[in-house]
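K.L.:
Please see the structure below; I have some questions.
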Amino acid sequence: MLWACAEAITTVGVVVALLVVHQVWWTNRQAAAAAREQVQALESEWAGGAGDRSSSSSSSGSSSGSGFDSGSGSGAFSSSRASSAAGGDSSSGEVRGGGASASSPSAARPPVTQDRAYAVLRIPRLGLVVPVAQGVDKRSVLDKGYVGQYPGTARPGERGNFALAGHRNTHGEPFRYINRLREGDQLIVDVKGRRYTYVVGKVLAETTERDTGVIAPVPRSIVKPDYGYGEAGSYITLTTCTPEYTSKYRLVVWGTLAGP
């Protein structure tokens, strides 16, 4: 009887260990590989289209090919209801709560498929190159190794806050090391025919998952008001979970659009 119990416990332990290996190692490999393929596909598509990639600091955010529908997908971060995608995932680091309006509501925003990337985020300090898709839904965006844009936030290059969420652990973990970013580091966003360069300005090492101020058009923590900005501009926000392998708090990195 004791021998049978020991065998059962050993079997359960092996199964649990295999599940952990699958979650932490295999999903990372799959998602990272898929994200690299998506970046290559985007770059090939852009290379075959009209127009060269150029630098721009225009606050109008009118770059072609960068449109989104802020109301599509899971409804994450809409102004009328809490995000269904920001439910305390242990590695994506979405911020829960109500939404932030884009700064140019009259700009054309053709719908895009949520699981299809429309931009590429490059962080030279981290050696990171990752696709960006609309929405922060886990299954259709974040678990594919992509970075997701909070619906309702500004488009790349326009006035307002271009706010992104990404996994810190598992599923490609693109934002695992954003805690290493420092003031002056570059955050480069490519869309078809355009390149926008943001410069890291501030880091909020820890805040709550409901601190929606960090992704507001003028980002400022409502939990720690000493952190953030006080005037309109063109911002980028990166959010993820902290500490690693938990979803207790959120880590936030902010940047501002560089001049021409």
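K.L.:
Show me the ranking of peptides 167-177, 182-192 by mean Cβ neighbours inside 10 Å, starting with the highest. Walk me through the numbers before you get to the answer.
P.N.:
Working: 167-177: 24.2, 182-192: 17.6.
Descending mean neighbour count gives 167-177, 182-192.
K.L.:
Which ordering of 147, 136 is given by a fewest-first count of other beta-carbon atoms within 10 Å?
P.N.:
Numbers: 147 27, 136 33.
Least to most surrounded, the residues fall as 147, 136.
K.L.:
Separate question: For segment 186-198, just list the computed ³J(HN,Hα) in residue order, Karplus coefficients 6.51, -1.76 and 1.60, θ = phi - 60°, integers in Hz, with x standing in for Gly and Pro.
P.N.:
For segment 186-198, the Karplus-derived couplings read 8, 10, 9, 10, 9, 10, 4, x, 9, 9, 10, 10, 9 Hz, x marking Gly and Pro.
K.L.:
Along segment 242-253, what does the Karplus equation 6.51 cos²θ - 1.76 cosθ + 1.60 (θ = phi - 60°) give for ³J(HN,Hα), rounded to whole Hz, x for Gly and Pro?
P.N.:
7, x, 4, 6, 9, 10, 5, 10, 10, 9, 10, 10
K.L.:
Also, I was wondering about something else. When 215, 123, 222 are ordered from fewest to most other Cβ atoms inside 10 Å of their Cβ, what list results?
P.N.:
On the way: 215 26, 123 22, 222 15.
Taking fewest neighbouring Cβ atoms as first place, the list is 222, 123, 215.
K.L.:
Okay, next question. Could you list which residues have their amide H under 5 Å from that of residue 187, counting only those 5 or more apart in sequence or on another chain, with H placed in the peptide plane?
P.N.:
Amide H to amide H, under 5 Å and 5 or more residues apart or across chains, residue 187 pairs with 198, 199, 200.
K.L.:
How much length is gained if the chain between residue 125 and residue 41 is pulled fully straight, taking 0.36 nm per residue apart and subtracting their Cα-Cα distance, in nm to one decimal? Intermediate values should be presented prior to the final figure.
P.N.:
Values: separation 84, 0.36 × 84 = 30.24 nm, distance 2.36 nm.
My answer for the length gained is 27.9 nm.
K.L.:
What are the residues whose amide H is under 5 Å from the amide H of residue 234, where those residues sit 5 or more places off or on another chain and H is modelled from the backbone?
P.N.:
Amide H to amide H, under 5 Å and 5 or more residues apart or across chains, residue 234 pairs with 160, 257.
K.L.:
Give me, ordered by chain and number, the residues 5 or more places off residue 227 or on other chains with an amide H under 5 Å from its own placed amide H.
P.N.:
221
K.L.:
Taking 7 Å along the Cα-to-C-beta vector as the label spot, tell me the residue 199-residue 30 distance in nanometres, rounded to one decimal.
P.N.:
So the two model labels end up 4.2 nm from each other.
A short reminder: the numbers here are calculations on the coordinates, not readings from a lab. Just so we're clear, the structure is a prediction, and the values are computed from it rather than from any experiment. Virtual Cβ from ideal backbone geometry, glycine too; neighbours counted across all protein chains shown.
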